[in-house]
Structures are given as structure tokens and as C-alpha cells.
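Down below is the structure, laid out as C-alpha cells.
The values are calculated or read from the model by the stated rules, or taken from the named source; none is laboratory data. The structure presented is a predicted model; accordingly, all values stated were derived computationally and were not measured. Here Cβ is always computed from backbone atoms with ideal geometry, including for glycine, and neighbour counts include all displayed protein chains. Heads up: the accessible areas ignore ligands, DNA and RNA and are worked out on the full protein's heavy atoms, side chains in. Shrake-Rupley method; radii C 1.70, N 1.55, O 1.52, S 1.80 Å.
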Amino acid sequence: MARLPLYIQIANAVAKLISDGALRPGERTPSLRAVCDHHHVSMSTAVQAFVELESRGLVEPQPKSGFFVKHPPPKTDLDLRPHPPRVPMSGSLGNLHASLFDAVASANLIALGGAVPSADILPTVKLNRMLAEKARHAGSRGVMYDLPPGSETLRRQISKRMLKGGAIVSPAEIITTCGATEALMLCLRAVTQPGDVVVVETPTYFGLLHVLEALALRVLEIPTDPQHGLRLDVLKSALKDQRVAACIVLPAFSNPLGATMPEDNKQQLVALCKKHDIPLIEDDVFGELPFGPKRSRTCKSYDDSGIVLFCSSFSKTLAPGYRVGWVTPGRFFHQVRTAKLTHTLATATLPELAIAGFLAEGGYDHWLRGARAIYKNNVMQARRAILGAFPEGTTVTSPQGGFLLWVTIPLKVDALQLYERALARGISIAPGHMFSLDQRYTNCIRISCGEHWSARIAGAIRTLGELAKRLAE
Ligand SMILES: Cc1ncc(COP(=O)(O)O)c(C=O)c1O
């Protein structure tokens, strides 16, 4: 994989000295000349590194004296300035994203990196049979466009599913999409303009950060509690002096933290967005995978003004490759439908029909019950194995659904180095760097438990633990 640019590597090294406490607030940083000598780089690379550190809010220049470590801001532990828009997929994040998916696709790797369920957990045979049957019976309909809002049969099934999350949404209020990725993209296109500020959780799903980059939006990362999701207190204070065009949340088993937003917080968030007239984009791709018997309510279920745009898909529950998702855009229905027409025109007809058939008669709920039990077991086993194998001081999230774990390793360990060494040993993981535009999570990794627990996975976690211990030494 491509390495980080030199100036970012240097900025990271200095940032680490600051976070480790080796350089304290108010102290002078190493001089530009010292950085050039130490890292064997040109003066312009050293300057670029310090501009990067300054943009992260870690250092500040003082006339004729060099750079000094900044004192942390008084109110929150995070800099709440939105990021400027970035060139889509241009930087190390884009390269990492591509290499991560290469790793997921490779049959030779133990893929703990991508949030993808393995095909042998999914109802693959039944679903493919359903697709073949629909193809046989659909005749010419199967090869024609299913123009937005998309298959009515499917929308009727989705409307029933949404009731389980407490939302009463008629089929006419639903638009089918090519996965949740397109649903998110369409919502953002419907409610924002390039340069607008969009609130996201931090850490958050890197695919979302890419969509935001691609639309030249500015990102405001709001801290997220590993158990309870987005910090409403911080969001409220940010909204006092910041105009926000949209807010994106993952209230159910978020990616990567696995957090679950309490019902009270969901209600407060919907009310807050209504008060400030901020469209709330809800991403629920893991919502149907609680470890308990019942799914929780969606933000959409608390929405009485159409301010919530709800996005989901069948990628985590049935078939990521069918690319079937949906959006219920509330009062932004027409804008989203127009965006769909210009984005992909229509969702593929046969996969829509196959999923609709499976929902109607394939035993979806029965299958979901089995899958939840498998994911719960995978997550519990992996969690225990990580705590046993990784360096002392490592913490792991304890999600109540989904199949992702967020591992925080002692600060000395750089997750990118761990990623590279793990790849060399045939294992892919998702380094924390990908989950923020701010390089906040350089000592974190996301582990996906979408594959049956096995000796092979247990061995991979032991190897990761050994590699992390070596890096921590
Ligand atoms: C939180 C979240 N949202 C959206 C997506 C994209 O889903 P889809 O495959 O349906 O486009 C993912 C995929 O990992 C995800 O984790």
C-alpha cells in the first residue's frame, strides 16, 4: 500500500510526542532545521509538516521564536472547527480505502478489516435461488428500468420492516437505492451545497467521510461516546456558533464504535434538529442486528416534521453484492428522487425483486435471529481473545449488536504500522486513521467479526496481539 506523505509522517511523529506528554503545552517544538536534519528532508517538507500540525490545532507559531505546543481548548477536548473541503479520494485516506477493500476481496487474506458479513453466514443459496426464480417469472420486466421510487413490491416490504423500528412510513415515501452508500449520497446532494458544514460522529465510518469529500463538504466531527453515541452536549454547544447544513448519525450499533443511542437521546436529537431546521440523516445499516430479541426504535420514529432522512440497506443482513438499499427522505422526497435520477437513474430490477421475495416468503426474521446469535458469539469470542493477546492497557468496545469491535491500543502503537505488518502476515484490519479527517485515532483499529468464529480467526488475533506488543516495546 502507499505510504503516508513524508510531511504527514513527520507531523504524526510530533503529534505523538505531544499526545505522549513528551512535549507539553507552552513548550517549544523541535526547530525546522532540527526536523530537516533528523528526518533528512527539505525545509519545505518540514514547513509543510508544521502547517499540518497548526491546522490540527496542536502547535502555533510565535514571531521569530519558532513553533510552540498549543494549550488545549478549555471547553471540550476537541477542536470543533469544521474541516475545509478536501479533494475527493486524493490523499492517503483514499489509498487506504482502496487497499482495504482489495484486502477484503482477496481470498488469501484473513479479512478482519471490512465491515462485511461472510457469504457463509448469509442466506446465500436461498437468495440466489430467489433471484433465479424472479428472473424466470419477471419476463421483460426484469430487464427494464425500475425508475425511482423503485420496485413497489420491495417498498411495501420495507414499509413493514420500518414499523419494527417504530416508524410509520408508507411505500410511497420510500425510494430504493444502490445500497446505503447511494442513499447517503442522495440525501447529502438533496440538502447541502459544496462548502456547507456537515456534522458527523467521530470516529465514524470512513465511506461516509469519502462521500463528504466527494461532495466538497466541510466536516464537523463531534465526539461520540462508545456506549451512547453522539455527544448531544457537544453538538448543542457547537450549534451555538456554527451554521450546519446536515447532521449524520448512526444511532444503532454505529460503525466503528458499536454505540447505541439511548431512546431519550434520539428524541432530543430529533427535537434539536427540528428546532434548528437541520436535516438529520440517519444511517441504520446495522439496526436489524441487535444481540437482544428486539430492534430499537429509529430516530425516524420520533420525527413528526419530516426532518429525518432515514437510510439503510440489505448489505449487512442479506447480500452486499445485490446493492439494494433505500431512503425515506421525509420532506426532502422530491429533491432525493431528482438526485437519484441524475445519480444512477434506477436501482437494478432483479436484485430488488429477489430481496422483496425473500422478505415476503424467505423467512427473513427467522434468518435474522440465527445471524444475531452468530454475530453475538463472534463478537464475544473476539473481544475475549483481543483482551488476552494485545498489550496491557488495550481496551475494546462492548457493542450490543452489529459485528464490529473498536480496539484502543496504548499510544505507542501506530495503527498504520500494525496494519502494514498484519498485511504482511496475511491479515487485514482497519487502522483508526481512516475514521477521522483529524488523525485522532492513530492508536486504534477496527476489527470486523463478520466471519464465523474459528481457530483461523483466533490465530489471526493472537498474531495481531504479538505484532502490537512488539510495536509497543
Ligand atoms: C455505517 C455504514 N453505512 C453505510 C455503509 C454502506 O452500505 P452499502 O453497502 O449498503 O452501500 C456501510 C458499509 O460498511 C456502513 O458500515
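Remarks
- Ranked order, Tyr145, Tyr441, Tyr205 - accessible area, probe 1.4 Å, largest first: Tyr145, Tyr205, Tyr441
- Our note on the geometry: Cα centres of segment 1-70 and segment 237-267, 33 Å apart.
- Dipole magnitude (debye, nearest 20) for segment 123-179, charges at Cβ of Lys, Arg, Asp, Glu: 280 debye
- Helix-only CD estimate at 222 nm, as mean residue ellipticity for the chain, using -39500 (n - 2.57) per DSSP H run (n ≥ 4): -13500 deg cm²/dmol
- Segment 402-441 residues near the modelled Lys16 label - backbone nitrogen below 11 Å, point 7 Å along Cα→Cβ: 411-418
- Cross-link reach list, aspartates and glutamates versus Lys274, counting only Cα pairs under 19 Å and skipping chain neighbours closer than eight places: Asp196, Glu201, Asp233, Asp241, Glu263, Asp264, Glu282, Asp283, Asp303, Asp304
- Note on Asp196: accessible area approximately 40 square angstrom, rounded to 10, probe 1.4 Å, nucleic acids and ligands left out.
- Percentage of interatomic Cα-Cα distances in the chain larger than 38 Å: 25 percent
- Neighbour-limited loop hits for GluC sites (Glu not before Pro), segment 361-425 (at most 13 other Cβ within 10 Å; DSSP other than H, G, I, E, B): Glu392
- For segment 392-405, Karplus couplings with θ = phi - 60° (6.51, -1.76, 1.60), whole Hz, Gly/Pro x: 4, x, 5, 10, 9, 5, 10, x, 9, x, x, 8, 10, 10
- Segment 321-369-segment 152-210 distance, computed between alpha-carbon centres (Å): 10 Å
- For segment 236-248, the Karplus equation 6.51 cos²θ - 1.76 cosθ + 1.60, evaluated at θ = phi - 60°, returns couplings of 4, 5, 5, 6, 5, 10, 9, 7, 10, 8, 6, 10, 10 Hz by residue, with Gly and Pro reported as x.
- Gain on full extension, evaluated as 0.36 nm per residue between Arg456 and Gln227 minus their Cα-Cα distance, stands at 79.5 nm.
- Over segment 139-362 - Rg/Rh using Cα atoms and the Kirkwood inverse-distance radius: 0.95
- Helix 364-389 and the longest principal axis of the C-alpha atoms of the chain enclose an angle of approximately 20°.
- Its residue count N sets the reference 2.2 N^0.38 Å, and the alpha-carbon radius of gyration of segment 6-69 equals 0.98 times that reference.
- Taking trypsin sites (Lys or Arg not before Pro) across segment 279-347, the ones in a DSSP loop with at most 16 further Cβ atoms lying within 10 angstrom of their Cβ are Lys294.
- A straight Cα-to-Cα reach below 20 Å connects Lys126 with the aspartates and glutamates Glu288, Glu352, Glu361, Asp365, Glu451, residues fewer than 8 places away in its own chain not being considered.
- Largest accessible area first, the listed residues Met144, Met434, Met185 line up as Met144, Met185, Met434 when surface is computed with a 1.4 Å probe on the assembled protein chains.
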